[in-house]
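Take a look at the structure below.
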Amino acid sequence: MDCREKIVPWDEVDVLVARLRREGKTIVFTNGVFDLLHVGHIRYLQEARSYGDVLVLGLNSDASTRRIKGPRRPIVPEGERAEMVAALECVDYVVIFQEDTPDELIRKIAPDVHVKGGDYTPDELPEAPLVRSLGGRVVVTSLVNGKSTTMTIGRILATHVDLIERGLDQQ
C-alpha cells in the first residue's frame, strides 16, 4: 500500500472508525507534531502500536503547530510530515487536525487506548478525562532521553554557528 493511502481526510474519519469497529479492532490513538522524525518518535510509535490492532496518529496541522511551537515551526510542512509517519509500518492511519488539542479528533475516534509519551502520569494529561468518558484508557510511555525535535534543532543551529565561526559555511 502506498503510504499516502494511509492519510485519512478529516471528513472520512467517521467511516474509517465505523469499519474498524465492525471488524472488532482495538483502536489506539496518539497525536503530535512529528516535525523532524527521530528515533524517539519511532520507538514511541512502535510502543503505541503494541497496545492494540490499529494505530491512528493525529498530526497537528501547520497552523496548530505554529500556535503551539511558535512562528518558526514546523520545519517540515504537514503534508510531508503526514507522509513520513504514514510510511512507518507501525502507523496504520494518519489524520491531520487543525485544533491546538486533539479533543475533537478523540471524540470522532473514541479510541480504546490513547497513548502519549512524557514525564507525567495518565491523570495529568488534559485529554485523559475525555478519553475515559468515551470508554478508553490512557497509557503514558517513557521518552527516549536526549531525543526531541527541539534538541535536534538546537544541535543543528550550534553546528551552523560553529561552521560560520570557522568560515566553513560557504562550502
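The values are calculated or read from the model by the stated rules, or taken from the named source; none is laboratory data. Just so we're clear, the structure is a prediction, and the values are computed from it rather than from any experiment. Cβ atoms come from the backbone with ideal geometry, glycine included; neighbour counts cover every protein chain shown.
The number of residues in region 1-11 that are modelled with pLDDT of 95 or more, surrounded by 11 or more Cβ atoms within 10 Å (Cβ to Cβ) and not hydrophobic (A, V, I, L, M, F, W, C) comes to 1.
With Arg66, Arg21, Arg4 as the choices, which residue is part of a helix (DSSP H, G or I) and in contact with a Pro (Cβ under 8 Å, 6 or more places away or on another chain)?
Values: Arg21 fails: in contact with a Pro (Cβ under 8 Å, 6 or more places away or on another chain); Arg4 fails: in contact with a Pro (Cβ under 8 Å, 6 or more places away or on another chain).
None of the other options fit; the residue is Arg66.
Scanning region 21-35 for residues that are at negative phi and surrounded by fewer than 19 Cβ atoms within 10 Å (Cβ to Cβ) gives Arg21, Arg22, Glu23, Lys25, Thr26. Within region 41-59, the only residue that satisfies the criterion of being of a type in the set (S, T, N, Q) and part of a loop (DSSP other than H, G, I, E, B) is Ser50. Summed over region 30-68, the residues that are within 9 Å of the chain's Cα centre (by Cα) and of a type in the set (Phe, Trp, Tyr) give a count of 1.
When Leu130 is tested against (1) within 17 Å of Val8 (Cβ to Cβ); (2) without any contact (Cβ under 8 Å) to a residue 60 or more places away in the chain, just one condition goes unmet, and that condition is (1).
Scanning region 1-26 for residues that are in contact with a helix residue (DSSP H, G or I) (Cβ under 6 Å, 6 or more places away or on another chain) and not charged (D, E, K, R) yields Cys3, Ile7, Val8, Val13, Val17. For region 81-108, the tally of residues that are assigned to a helix (DSSP H, G or I), more than 15 Å from Glu5 (Cβ to Cβ) and either within 13 Å of the chain's Cα centre (by Cα) or among the hydrophobic types (A, V, I, L, M, F, W, C) (or both) stands at 3. If you go through region 40-84 and keep only what is under 15 Å from Phe29 (Cβ atoms), touching a helix residue (DSSP H, G or I) at 6+ places or on another chain (Cβ under 9 Å) and either surrounded by fewer than 22 Cβ atoms within 10 Å (Cβ to Cβ) or polar (S, T, N, Q) (or both), you end up with Asp53, Val54, Asn60.
Would you pick out the residues in region 47-92 that are of a type in the set (D, E, K, R) and touching a residue at least 24 places away in the same chain (Cβ under 8 Å)? So that I can check it myself, show each step before the final result.
First, the residues of region 47-92 that are of a type in the set (D, E, K, R): 47, 49, 53, 62, 66-67, 69, 72-73, 78, 80-81, 83, 89, 92.
Across region 47-92, the qualifying residues are Glu47, Arg49, Asp53, Arg67, Lys69, Arg73, Arg81, Glu83, Asp92.
Annotation note: of Asp14, Asp35, the sole residue that is within 24 Å of Val138 (Cα to Cα) and assigned to a helix (DSSP H, G or I) is Asp14.
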